[in-house]
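Accompanying notes for the structure given below.
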Amino acid sequence: MAAALIAALGLDQPEVQSSSIAVLEKGNADSSFVLSCFMWECLVGRSARECRANGLLLPRPSETSTAVLLLTCHHSAAHYRNQSLKLGLNLTSLSQKGLFEELDLMKIISESFSTLKETSDEDLCRNGTIVVKSLFASMRTKLLKLKENFKSVCLIIGNVNDLLTSGVSNTQLFIFINYLQGLLSEITNLSLVISTHVSDDAESERLLGAFLKNASDFTVTVSALQTGLSKDVSGCLSVGGLSLSSGTYHYRLLDRQVKMFSPGASSV
Amino acid sequence: MVTKNKTTYNLLDAAHAACSHTINIMAALTSDGNITSFQRKGRNRIPYIQGTRQSVQNAQILVSSGVPSLDHVVGNGLPVGSILLIEEDTFGTFSKFILKYFLAEGVACDHPLFLASRDFLPSTFIKQIPVPIKGDSSASGQDSKSDDPMTIAWRYQNMRQVQSIPGSSNSGTHLGHNFDLTQFILPEDLENCDYTLWSEPEENDTPLGNFCNPNYGLLLSKIQKKIAEGQFRVQDEPIKQSILRLAIHSLGSPMWVGCSCDESLDEGVKRDLPKFLLYLRAILRESYALAVITVPSHLFRDNSIIKLCEYQSDMALRLESFAGSSYETNPVFKEYHGLLHIRKLGPVNTLATHVPESLDLAFKLRRKKFVIEKLHLPPELQESAQREQDDISTEKRSGMGCSSSPSSKLDF
């Protein structure tokens with residue numbers, strides 16, 4: 001399950017619960033499983049721990065739970081739903097309960113191509129290019145609505161660099177992220193998780209990665225093995241931050257589980 | 001308190017197990033033969049489509065690329081809604097063959113085709129797609145075992161047979177066909193196929209997306225139109241569901257240069273190519289279609305272009321042909337025509353990605369088969385200089401030992 005990753009990285013600590021976290025994926029590694037683990041931690045892990053501390057047996061979604069808003073840019077929302085289901089988290093049922101909301105940019109782009117209607121100011125996408133101002137306004141409204149019903153809220157953004165590819169300029173994206181960071185002070189008990197792909201060859205992606213790393217409290221870096229593919233190790237994961245002890249781990253993705261271990265201890 | 005909770009959990013688990021056991025017993029009691037009375041609630045949402053198979057891991061619909069060994073390398077088939085990126089070999093010979101196989105598999109499975117290229121005439125290319133080999137054992141799922149099997153030493157009988165061709169051990173589960181490259185599709189068969197060709201933009205087309213080079217937007221518009229007209233979108237409910245196969249050749253080659261683009265070729269490609277792949281992926285994710293795209297990566301001077309393209313695709317492979325290189329005359333590679341490098345195998349609707357058995361892969365083109373194999377050194381059957389030296393050194397040593405002359409039948 002996802003608990004191994006969260007515990008190994010120390011992301012179950014109370015100080016992490018209202019902070020901003022940057023997830024950087026390097027090379028051809030994929031960090032979507034880290035975001036799924038974060039969702040599991042917010043929707044199941046935290047409430048389960050709190051219930052256990054209060055002597056209750058089964059965690060129930062209530063006003064003390066954490067709600068999640070997911071913005072997917074690279075993978076579809078269905079990808080995260082399927083991935084979370086493997087980790088024992090049914091996002092469909094949670095969205096029916098109002099604990100989970102999603103914004104699928106792939107779907108928004110696809111719909112903007114298929115519909116021939118005139119674009120208005122409120123549209124999130126104009127001929128494939130995402131309007132970051134409308135996107136921010138939409139996300140802020142959703143977050144405030146979630147905050148009315150639940151104790152804490154978590155905003156997770158997957159692969160924000162795809163906005164650059166869709167035609168958003170670096171400056172606009174930096175301002176967009178800056179506004180999102182500003183929500184941390186506006187909405188209490190809000191945590192922010194933003195992932196981005198970093199390629200050393202692409203200057204704009206490298207700048208975005210450096211900006212996110214600088215603006216966040218904690219950084220989780222996901223990278224592939226330097227030596228190629230392995231059946232025992234899927235990749236390398238490292239964490240760093242202000243109050244967390246930095247460390248490097250290897251991980252292995254199984255069909256329904258994420259295994260974590262120290263480098264060299266995969267066969268132990 | 002913790003112990004008490006654990007005990008309660010164990011009791012709950014035991015009660016749950018007992019309950020499920022009761023259900024199993026009930027199912028057995030009410031069953032009729034081997035069929036249980038329990039039926040899945042609701043209808044199966046994934047329709048049966050010819051030439052497809054459902055993945056057991058993530059229920060993803062898989063189709064064959066036309067090369068069974070390639071299917072095995074990328075995870076038993078190509079997922080519908082995904083993009084396979086192929087970085088072309090130097091002369092683009094083998095990447096064209098893979099495109100031909102991909103299209104030929106579509107014809108064999110009665111899938112609609114879409115072929116786009118600006119480097120050659122698609123109308124000529126589509127006439128050259130091969131036909132399936134008659135009596136192909138891999139398609140019918142039967143092993144071609146000879147009547148008189150080769151007898152081997154008893155001590156090796158229970159050993160696992162070494163399979164250099166990936167996926168050849170479970171040929172009964174093959175999805176695709178093998179094709180004969182010497183025989184082209186008959187014109188009357190081609191007329192019955194549903195195919196769309198694109199090389200030049202039409203006058204009435206309006207480009208999608210804000211591309212620097214309008215050709216990308218026009219191609220995207222054509223694909224979008226084809227998907228809408230053919231009812232390949234997820235929300236559509238056609239009479240017979242099928243899969244649209246998109247084959248795009250040499251995307252980003254110098255023939256794709258835009259007339260209205262003031263930037264250099266590399267700058268324009270760097271801006272437009274990843275964007276095109278992002279938009280195409282967004283369209284494909286919402287439709288019953290998949291794409292195989294070849295890109296001439298050796299022509300890009302900026303290394304970041306191909307890295308961005310790999311990132312935007314779901315799977316990426318690179319072909320390295322031996323033609324024109326020093327490997328062509330190397331005896332080590334004499335059995336092969338090139339190497340296959342796996343650049344990316346991304347997760348599509350799943351947690352764990354497929355990990356191939358080996359990364360050292362080579363391909364060879366036979367008359368009737370394009371095969372991807374594990375790279376291995378050829379057996380040393382001829383006398384080499386090294387062997388002669390070994391013999392000489394053995395002779396020298398034998399003079400000192402108890403061995404007799406080399407002509408003797410006895411060694412001691």
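The values are calculated or read from the model by the stated rules, or taken from the named source; none is laboratory data. These numbers were taken from a predicted model, which means no experiment stands behind them. Virtual Cβ from ideal backbone geometry, glycine too; neighbours counted across all protein chains shown. Each accessible area value is taken on the protein alone, full model and side chains, heavy atoms only, with ligands, DNA and RNA left out. Shrake-Rupley method; radii C 1.70, N 1.55, O 1.52, S 1.80 Å.
Helix-derived [θ] at 222 nm for chain A: sum -39500 (n - 2.57) over DSSP H runs of at least 4, divide by residue count, nearest 500? Don't jump to the answer; show the numbers that get you there.
Numbers: 10 runs with 102 residues, N = 268.
Mean residue ellipticity at 222 nm (helix-derived): -11000 deg cm²/dmol.
Does chain A classify as rounded, prolate or oblate by the C-alpha gyration tensor (a ≥ b ≥ c root eigenvalues; a/c under 1.5 gives rounded; else a/b over b/c gives prolate, otherwise oblate)?
Oblate is the answer for chain A, as a/c is 1.5 or above yet b/c matches or exceeds a/b.
Excluding ligands, DNA and RNA, the accessible surface per residue across chain A is 43 Å² with a 1.4 Å probe. Whole-Hz Karplus values for segment B:241-255 come out as 6, 9, 10, 8, 9, 9, 10, 10, 9, 6, 5, x, 6, x, 6 Hz, taken residue by residue from phi with 6.51 cos²θ - 1.76 cosθ + 1.60 and θ = phi - 60°; glycine and proline positions read x. Distant-in-sequence amide contacts of B:Ala289, defined by a placed amide H-H separation under 5 Å and a gap of 5 or more residues or a different chain, comprise B:Gly81, B:Leu244.
Along segment A:191-204 the Karplus relation, 6.51 cos²θ - 1.76 cosθ + 1.60 evaluated at θ = phi - 60°, assigns HN-Hα couplings of 10, 10, 10, 10, 10, 8, 8, 10, 10, 5, 6, 8, 5, 5 Hz to successive residues, with x for each Gly and Pro. In this structure, the amide hydrogen of B:Asp89, modeled 1.01 Å from its nitrogen in the peptide plane, lies closer than 5 angstrom to those of B:Phe94, B:Ser95, B:Leu319, counting only residues at least 5 positions away or on a different chain.
Average partner chain C-beta neighbours within 10 Å, per residue of A:79-87?
Numbers: counts 7, 1, 1, 8, 6, 1, 3, 6, 1.
Other-chain Cβ atoms within 10 Å of each residue's Cβ, averaged: 4.
Packing here is the average count of other Cβ atoms within 10 Å per residue, and on that basis the peptides B:82-92, A:250-260, B:310-320, highest first, run B:310-320, B:82-92, A:250-260.
Looking at this model, which pairs from B:Lys96/B:Lys127; B:Lys307/B:Lys344; B:Lys222/B:Lys307 are more than 19 angstrom apart at the alpha-carbon? The answer is B:Lys222/B:Lys307. Computed from backbone phi with θ = phi - 60° and the Karplus coefficients 6.51, -1.76 and 1.60, the 3J(HN,Hα) list for segment B:314-319 is 8, 9, 9, 10, 10, 9 Hz; x is used for glycine and proline. For the pair B:Lys374 and B:Phe120, a Förster radius of 35 Å applied to the C-beta separation gives a FRET efficiency near 0.60, rounded to the nearest 0.05.
Taking each residue of A:194-206 in turn, how many C-beta atoms of other protein chains fall within 10 Å of its C-beta, and what is the average? Spell out each step's value before the answer.
On the way: counts 0, 0, 0, 4, 0, 6, 3, 7, 9, 1, 2, 4, 1.
Shielding by partners across A:194-206 averages 3.
The modelled label-to-label distance for the pair B:Lys134/A:Ser134, using points 7 Å beyond Cα in the direction of Cβ, is 5.9 nm.
Between B:Glu191 and B:Glu335, what FRET efficiency follows from the Cβ-Cβ distance if R0 is 35 Å, with the result rounded to 0.05?
Details: r = 40 Å, r/R0 = 1.13.
Using R0 = 35 Å, I get an efficiency of 0.30.
If you stretched the chain out fully between A:Gln181 and A:Asn90, how much longer would it get, using 0.36 nm times the residue separation minus the C-alpha to C-alpha distance?
Details: separation 91, 0.36 × 91 = 32.76 nm, distance 2.85 nm.
Working it through step by step, the gained length comes to 29.9 nm.
With 18 Å as the limit on Cα-Cα distance, the pairs of A:Lys107/B:Lys275; A:Lys213/A:Lys259; A:Lys86/A:Lys213; A:Lys97/A:Lys145 that go past it are A:Lys213/A:Lys259; A:Lys86/A:Lys213.
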